[in-house]
Ligand SMILES: Nc1ncnc2c1ncn2[C@@H]1O[C@H](COP(=O)(O)OP(=O)(O)OP(=O)(O)O)[C@@H](O)[C@H]1O
Ligand SMILES: [Mg+2]
């Protein structure tokens with residue numbers, strides 16, 4: 001028997017109406033998605049795709065303008081407080097109290113949640129250990145690194161033992177090492193059965209953390225599936241990247257298309273990208289056509305290629 005989904009959205013829409021009479025803006029444009037308990041689901045998309053708007057509706061912070069949404073079997077418009085009691089929210093901007101210590105931030109948040117003082121104290125040690133912040137418990141947030149702040153925000157969001165954790169760009173702006181530490185923490189939560197909903201514009205993060213993804217652009221979902229299935233469905237296994245002198249790229253792309261090189265040839269501002277099942281064989285054909293690229297690189301296809309194919313644009317602006 002198929003398990004009932006923990007979240008279901010149908011035609012979910014967010015319209016921002018301006019006060020000064022400017023036209024209303026459709027930030028989320030009728031999207032459908034659902035996910036099951038224990039799943040790690042990702043919204044992957046560039047700036048302005050509508051990821052945070054979607055997350056705020058899921059968190060029962062901002063009302064939907066249209067469509068239907070069910071979280072834990074409840075309607076956020078009617079049951080906001082009951083939903084918020086069972087989910088954790090890590091917003092895109094940390095909103096920590098910088099003048100308070102790490103410990104105080106967790107205590108205050110727990111109180112704000114209406115939890116009993118002794119229960120918060122009981123969980124505090126466990127959360128500090130989880131976030132690897134035990135030695136920083138009395139440090140002011142002000143002096144923490146970006147990675148530590150992010151870990152504190154996540155620790156704080158776990159104070160109510162949420163069934164669903166919403167993470168809006170959990171690692172944006174962090175260095176690679178800090179990102180890996182965070183990924184490890186999130187992976188542990190997933191193993192403990194917490195349902196993770198993550199937004200990101202990093203394809204490697206999506207590939208690392210998410211079982212299933214919705215690729216978003218301009219308020220819509222343009223594709224959905226596991227990272228592997230998305231790559232298999234939309235692009236070839238290998239990719240050949242060619243760099244010539246900048247003004248030569250358009251002519252080269254045209255010539256390669258005429259010769260029907262690979263499955264598809266994409267012209268980018270700084271390179272020509274050939275999608276082929278065998279990248280080395282495609283490169284041999286490039287050389288056979290008397291073309292001499294300055295650099296040539298064969299690599300595996302990634303979600304970035306999927307995004308480029310579906311939208312004609314790169315994920316990172
Ligand atoms: N409160 C608001 N009022 C008006 N417009 C808004 C508001 N919040 C977001 N928008 C607009 O809605 C669109 C989607 O914004 P949203 O923050 O959901 O995107 P995002 O995918 O999270 O982007 P980013 O990667 O930059 O965080 C953007 O064009 C944004 O300017
Ligand atoms: Mg956002």
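Read the figures in this text as sums done on the coordinates, not as results from a lab. These numbers were taken from a predicted model, which means no experiment stands behind them. Counting neighbours? That spans all protein chains shown, and the Cβs are built from the backbone with ideal geometry, glycine included.
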Cα principal axis extents for segment 236-300, largest first, Å
28, 20, 17
Nearest 5 percent is fine: what portion of the DSSP beta bridges confined to the chain is antiparallel?
65 percent
Using Cα pairs under 8 angstrom and six or more residues apart, how large is the relative contact order of segment 1-156, in percent?
19 percent
Suppose the chain between residue 284 and residue 134 were pulled fully straight at 0.36 nm per residue; how much longer would it get relative to their current alpha carbon spacing?
48.4 nm
Fewest Cβ neighbours within 10 Å first, please rank 201, 287 accordingly.
287, 201
Over the chain: helical MRE at 222 nm, DSSP H runs n ≥ 4 each giving -39500 (n - 2.57), nearest 500:
-10500 deg cm²/dmol
I'd like the FRET efficiency for residue 260 and residue 32, computed as 1/(1 + (r/R0)^6) with the beta carbon distance as r and R0 of 45 Å, rounded to 0.05.
0.75
Rg to Rh, two decimals, where the chain supplies the alpha carbon set and Rh follows Kirkwood:
1.05
What is the helix-to-structure angle for 146-157, meaning the angle in degrees between its Cα long axis and the longest Cα principal axis of the chain, kept from 0 to 90 and rounded to the nearest 10?
50 degrees
Quick one: Cα centre-to-centre distance for segment 1-72 and segment 186-213, in angstrom?
18 Å
What angle do you read, to the nearest 10 degrees and between 0 and 90, between the alpha-carbon axis of helix 102-112 and the longest principal axis of the chain?
70 degrees
Label model pair residue 126, residue 229: point-to-point distance (7 angstrom along the Cα→beta-carbon line) in nm is 3.4 nm
May I ask you to sort 244, 307 by Cβ crowding, counting other Cβ atoms within 10 Å and putting the fewest first?
244, 307
What nm value, rounded to one decimal, do you get for the distance between residue 98 and residue 292 when each label is placed 7 Å out toward the C-beta?
5.6 nm
